[in-house]
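The values are calculated or read from the model by the stated rules, or taken from the named source; none is laboratory data. As the structure is a prediction and not an experimental result, all values here were calculated from the model. Reconstructed Cβ throughout: ideal geometry from the backbone, glycine too, with neighbour counts over all protein chains shown. Ligands, DNA and RNA are excluded from the accessible area calculation, which covers all protein heavy atoms including side chains. Shrake-Rupley method; radii C 1.70, N 1.55, O 1.52, S 1.80 Å.
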Amino acid sequence: MNFQSFFESRLNDLKEEGRYRIFADLERKAGNFPRATRYDENGETREVTVWCSNDYLGMGQHPEVLSAMKNAVDTCGAGAGGTRNISGTNHFHVQLEEALADLHGKEAALLFTSGYNSNWATLGTLGAQIPGCVIFSDANNHASMIEGIRHSKAEKRIWKHNDVEDLDRILSEYSPDVPKIVAFESIYSMDGDIAPIEAICDVADKHGAMTYIDEVHAVGMYGNRGGGVAEQEGLAHRLTVIEGTLGKAFGVMGGYITGSAELVDFVRSFASGFIFTTALPPALAAGALASIQHLKQSQMERARHKERVRKVRERLDQLGIPHVPNPGHIIPVMVKDPVKCKWISDLLLNNHGIYVQPINYPTVPKGTERLRITPSPLHTDADIENLVSALSDLWSQCALARSVA
C-alpha cells in the first residue's frame, strides 16, 4: 500500500469539503485577555481579539492564578515526577481534590489530566467493572463519554437528546436488578442547551439507576460558588457522579470526578486511565486551586459574563444574524455551510483581527456548521461592536453571493 498517497488523498477530501482544520498560531498575552498575538505563515504578527476561547471567564490570566502557579514552580519545580501511585502525588493535588469535593458537596474527588480522560476512564471503568451494567447515553454526549462507554464494552442504549420520556421508555425495558448508569451533560458545548437535570434524576431514581453528569461547560460559570448547573438548581446531591474540567472556566488544565468516597476510591483503584498516567504538574494544580477558591467567593466574573452574553445576543438580533437562542452562555452563529463558514472565519481573522474558529463535521452534523462565539467578562463594548459589525458585513456579502448564484 502507498501509505503517503492514501494520507494525501484523504486530506485532500477534507480540503475539498471545506472541513480541513488549520490551527491559528496564537500567543496569549498575559494579563490582557482576550488579546493575543497571531503569527501568520510568514512569521509576521498581528494583535487579534479571541472570541472562541473556552477560558470563559478569563481566569487563565487572573493574577491570583498566575501568582499561585509561579509560587508552585518555585516551591515544587516543573513536573509531578510520576504517576499518582509512584511519587507523583503532590500536596497541591490533595488540596485541589478536597476543594473540588467541597465545590460539589461530595465526599471525595479524583483528578485526571484532562476532562476527556476523566470521562473516558471513569465511564470505561464503571461500565467494565460493574457486572451486567447497561449505560444509557444522551444522543448528544461528548466524544469522550462515547469512547469511554465503547471502551467499557458494556451494553449501551442511546436516548433522544434531553428527551426524558424516551429515557424512561428505554429504562423500562430492563428489570430493576440490572445495574444502570444514565450519562448526560448539563450544558452541551455546540448548541449551548441545558439538560432537564431534575426530570432526568426523577426517571433515574424510578429505575434505580446511577446518574453521571458532565458539567465541563458549567463549572465556574453557574451556581453561587461556581459548582455548575446542578448547584444552581440545588440538585448536586441527587447526582451519583459529577464530572468537570479545570481547563475551561477555571482557566488551567485537568479533569476530575466527584462522588461518594467509595465510588471515587473504586475508580482510583481500577481505572487504567488514572493509574498509568503521569500526574498533573503541581503548578497546574496550584493554579486550578486558586481559581476555584476565587470563584467560590466572587460573583463579579459570572455577573459581568452574563451581561456580555446578553449584549452580544441583543446586537446579533438587531442585525438579523441567526444564532441559536439557548439559555446558556455559548452563542452558535449558524452558517450551515462548511465552505462559507471557513470563509467568514478567515476574513474575520485576516481583515478584522477577530478570531472565531469555524465548527464543522464531525464536531457538529453536516449542514449545521457554525461559528461558536464565547463572550467573556473582559470583552469590551468596542470589542462587541467590532465583532457584530464585521459579521454583519460578511453576512451581507454571503447573502449577495447567494442571490447572484
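Overview of values
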{"item": "Along principal axes, Cα extents of region 1-124, largest first, whole Å", "result": "51, 41, 30"}
{"item": "Kirkwood-type radius of region 76-151, with distances r between different C-alpha atoms, in Å", "result": "14.3"}
{"item": "Where labels lie 7 Å past Cα in the beta-carbon direction, separation of Asn54 and Ser67 in nm", "result": "2.9"}
{"item": "Computed Rg/Rh of region 195-277, alpha carbon atoms with Kirkwood Rh", "result": "0.99"}
{"item": "Eligible lysines near Lys296 by straight Cα distance, threshold 28 Å, same-chain separation 8 or greater", "result": "Lys29, Lys70, Lys106, Lys248, Lys306, Lys311"}
{"item": "Helix-only CD estimate at 222 nm, as mean residue ellipticity for the chain, using -39500 (n - 2.57) per DSSP H run (n ≥ 4)", "result": "-14000 deg cm²/dmol"}
{"item": "Most mobile of Val178, Val335, Val312 in a GNM of the chain (Cα contacts under 10 Å)", "result": "Val178"}
{"item": "Spread of Cα-to-Cα distances over 5 Å intervals beginning at zero, given as percent, for region 303-351", "result": "5, 18, 23, 22, 20, 10, 2, 0"}
{"item": "More than 18 angstrom apart: percent of Cα pairs within region 262-400", "result": "66"}
{"item": "Contour minus Cα-Cα distance for Ala139 and Glu41 (0.36 nm per residue)", "result": "31.4 nm"}
{"item": "Net charge of Cβ neighbours under 12 Å - reference Arg84; Lys, Arg +1; Asp, Glu -1", "result": "0"}
{"item": "Portion, in percent, of the accessible area of region 166-292 that falls on carbon or sulfur, probe 1.4 Å", "result": "54"}
{"item": "Amide proton proximity set for Lys180, modelled H, under 5 Å, gap of 5+", "result": "Val134, Met210"}
{"item": "Cα gyration tensor of the chain - equivalent ellipsoid semi-axes, whole Å, descending", "result": "35, 27, 22"}
{"item": "Largest-first principal axis extents, alpha carbons of region 240-280, Å", "result": "29, 25, 11"}
{"item": "Rh by Kirkwood over Cα pairs, then Stokes-Einstein D for region 226-328 at 1.306 mPa s and 10 °C, µm²/s", "result": "95"}
{"item": "Bridge type composition, region 21-164 - antiparallel percent by DSSP, nearest 5", "result": "65"}
{"item": "Within a Gaussian network of the chain (alpha carbon springs, distance under 10 Å), most fluctuating of Asn85, Asn12, Asn326", "result": "Asn12"}
{"item": "Debye intensity ratio in log₁₀ form over the Cα atoms of region 89-198, taken at each q of 0.09, 0.11 Å⁻¹", "result": "-0.28, -0.41"}
{"item": "Accessible surface, per residue, of the chain when the full set of protein chains is kept, probe 1.4 Å, Å²", "result": "44"}
